[in-house]
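J.: Please find one structure pasted underneath; my questions will follow.
The values are calculated or read from the model by the stated rules, or taken from the named source; none is laboratory data. The model shown is predicted, which means the values in this text are computed figures rather than measured ones. Here Cβ is always computed from backbone atoms with ideal geometry, including for glycine, and neighbour counts include all displayed protein chains.
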């Protein structure tokens with residue numbers, strides 16, 4: 001059985017004295033529940049493991065009931081501690097305030113109940129954590145699976161990873177593309193759009209949200225303004241609405257709009273977005289080209305490789321606090337710009353027939369940077385880059 005590296009982090013934290021509750025957040029179907037079940041199999045103390053899936057959202061009393069069950073287990077077993085695990089916690093209204101009340105009551109009365117909370121709506125979780133639970137939690141962030149993880153767990157080739165993406169649940173279906181496509185569309189995308197996102201915020205136009213996601217996937221790797229995108233949407237909306245919906249899609253682990261790199265933060269936030277899926281599966285599932293057909297078209301394959309590199313960098317942004325941008329001035333463009341603290345790295349991806357990289361020369365002249373890296377032809381092999389710890393780029 002494949003074990004993710006986050007398990008050892010969680011084990012160490014649970015072995016330490018009770019100080020913080022553990023919050024595990026990440027997109028749907030990336031292994032949050034599996035991770036915790038692997039932890040439970042190693043524990044020797046009582047565990048209360050419940051899920052809020054079928055609980056009415058207004059029933060915040062349910063959380064207190066589960067807490068009382070954990071307190072009973074602690075008292076009845078006569079052991080020094082027990083563990084309470086609540087999955088999909090964000091589905092309960094007012095969850096953070098109830099958690100705070102129960103956690104503080106245990107702290108006051110010296111009850112050693114260690115708590116793990118799991119959730120798939122990052123924006124909703126972050127709001128609750130920042131508003132009510134400040135100073136009481138640590139976060140373990142799970143992301144879409146990397147190539148190294150997919151290869152180790154399922155023996156996926158790098159070409160398969162670039163096309164089919166990093167969903168562990170879909171790995172067994174990649175030999176049957178129709179089944180794979182149905183699974184990604186209905187079990188992953190549709191569930192996230194219709195459940196997780198609608199919980200995070202008021203969405204007046206669900207059809208517009210869905211159209212935005214599908215178009216954004218089609219434009220992954222391209223720079224396109226919200227205004228131009230509006231012209232291709234069937235539903236009526238405005239750029240403010242689209243920007244809000246894009247924030248929700250980003251929080252759900254689906255789609256992000258990269259900002260243009262500029263020393264002035266205000267200019268960055270006002271820039272035209274570069275669309276980037278957060279899992280390569282999203283770029284493939286809406287396309288008519290099948291896997292073998294894409295492999296035979298170097299220029300098309302090159303766009304898929306760039307998308308996969310972007311996915312790898314977004315994953316690093318979530319895990320390692322590496323900021324990811326693009327750069328463009330006039331007709332000159334660099335695919336990605338990485339920033340960490342005061343270091344800036346330009347990154348150009350070349351995996352198709354084209355070898356032109358004139359944007360790099362312009363970037364080197366106009367932007368203060370530490371280095372510019374070429375990934376692909378005549379540079380770092382993209383196969384190797386997809387297995388690289390992005391932090392190492394700043395240490396070269």
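J.: State yes or no: is residue 165 under 28 Å from residue 125 (Cβ atoms) and modelled with pLDDT of 95 or more?
T.: The answer is yes for residue 165.
J.: Is at least one residue of region 95-112 surrounded by 16 or more Cβ atoms within 10 Å (Cβ to Cβ), more than 32 Å from the chain's Cα centre (by Cα), part of a helix (DSSP H, G or I) and at pLDDT 95 or above?
T.: Among the residues of region 95-112, at least one is surrounded by 16 or more Cβ atoms within 10 Å (Cβ to Cβ), more than 32 Å from the chain's Cα centre (by Cα), part of a helix (DSSP H, G or I) and at pLDDT 95 or above, which makes the answer yes.
J.: Can we say residue 220 is part of a loop (DSSP other than H, G, I, E, B), farther than 24 Å from residue 35 by Cα and either at pLDDT 90 or above or touching a strand residue (DSSP E or B) at 6+ places or on another chain (Cβ under 8 Å) (or both)?
T.: yes
J.: Something else about it: Please specify each residue of region 127-162 satisfying the condition of being within 23 Å of residue 93 (Cβ to Cβ) and in contact (Cβ under 8 Å) with a residue 60 or more places away in the chain.
T.: 129, 133, 136, 137, 139, listed by residue number.
To keep it simple, each residue is scored yes or no on (1) outside any helix (DSSP H, G or I); (2) at positive phi; (3) touching a residue at least 40 places away in the same chain (Cβ under 8 Å).
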{"site": "189", "(1), (2), (3)": "no, no, yes"}
{"site": "209", "(1), (2), (3)": "no, no, yes"}
{"site": "237", "(1), (2), (3)": "yes, no, no"}
{"site": "246", "(1), (2), (3)": "no, no, no"}
{"site": "249", "(1), (2), (3)": "no, no, yes"}
{"site": "272", "(1), (2), (3)": "yes, no, yes"}
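J.: When the residues of region 113-122 are narrowed to those that are buried (at least 23 other Cβ atoms within 10 Å of the Cβ) and modelled with pLDDT under 95, which ends up nearest to residue 37 (Cα to Cα)?
T.: 118
J.: I've got another one for you. Just one of (1) over 19 Å from residue 384 (Cα atoms); (2) surrounded by 24 or more Cβ atoms within 10 Å (Cβ to Cβ); (3) within 21 Å of the chain's Cα centre (by Cα) trips up residue 323, so point out which.
T.: Exception for residue 323: condition (2).
J.: Only residues that are crowded, with 18+ Cβ neighbours inside 10 Å and outside any loop (DSSP other than H, G, I, E, B): list them for region 15-33, please.
T.: Within region 15-33, 21, 22, 23, 24, 25, 32 qualify.
J.: Now for a separate question. (1) at pLDDT 95 or above; (2) surrounded by 14 or more Cβ atoms within 10 Å (Cβ to Cβ); (3) out of contact with any helix residue (DSSP H, G or I) (no Cβ under 9 Å at 6 or more places or on another chain): which one isn't true of residue 211, the others all being true?
T.: (1)
J.: Could I ask something else about it? Only residues that are assigned to a loop (DSSP other than H, G, I, E, B) and in contact with a helix residue (DSSP H, G or I) (Cβ under 7 Å, 6 or more places away or on another chain): list them for region 54-75, please.
T.: Correct list: 55, 57, 60.
J.: Determine whether region 73-83 contains at least one residue that is under 31 Å from the mean Cα position of the chain (by Cα) and free of Cβ contacts under 8 Å to residues at least 60 places away in the same chain. Steps first, please.
T.: Residues of region 73-83 that are under 31 Å from the mean Cα position of the chain (by Cα), as a first pass: 82-83.
Pick out the ones that are also free of Cβ contacts under 8 Å to residues at least 60 places away in the same chain and you get 82.
Yes, region 73-83 has at least one match.
J.: If residue 151 passes every condition in (1) more than 20 Å from the chain's Cα centre (by Cα); (2) in the same structural domain as residue 254 (by TED's automatic domain parsing) but one, which one does it miss?
T.: Every listed condition holds for residue 151 apart from (1).
J.: Also: Given 146, 64, 60, 132, which one is over 30 Å from residue 247 (Cα atoms) and either out of contact with any strand residue (DSSP E or B) (no Cβ under 8 Å at 6 or more places or on another chain) or surrounded by 21 or more Cβ atoms within 10 Å (Cβ to Cβ) (or both)?
T.: 64
J.: A further question follows. Only one of these conditions is not met by residue 74: (1) crowded, with 19+ Cβ neighbours inside 10 Å; (2) in contact with a strand residue (DSSP E or B) (Cβ under 6 Å, 6 or more places away or on another chain); (3) within 30 Å of residue 154 (Cα to Cα). Which number is it?
T.: (3)
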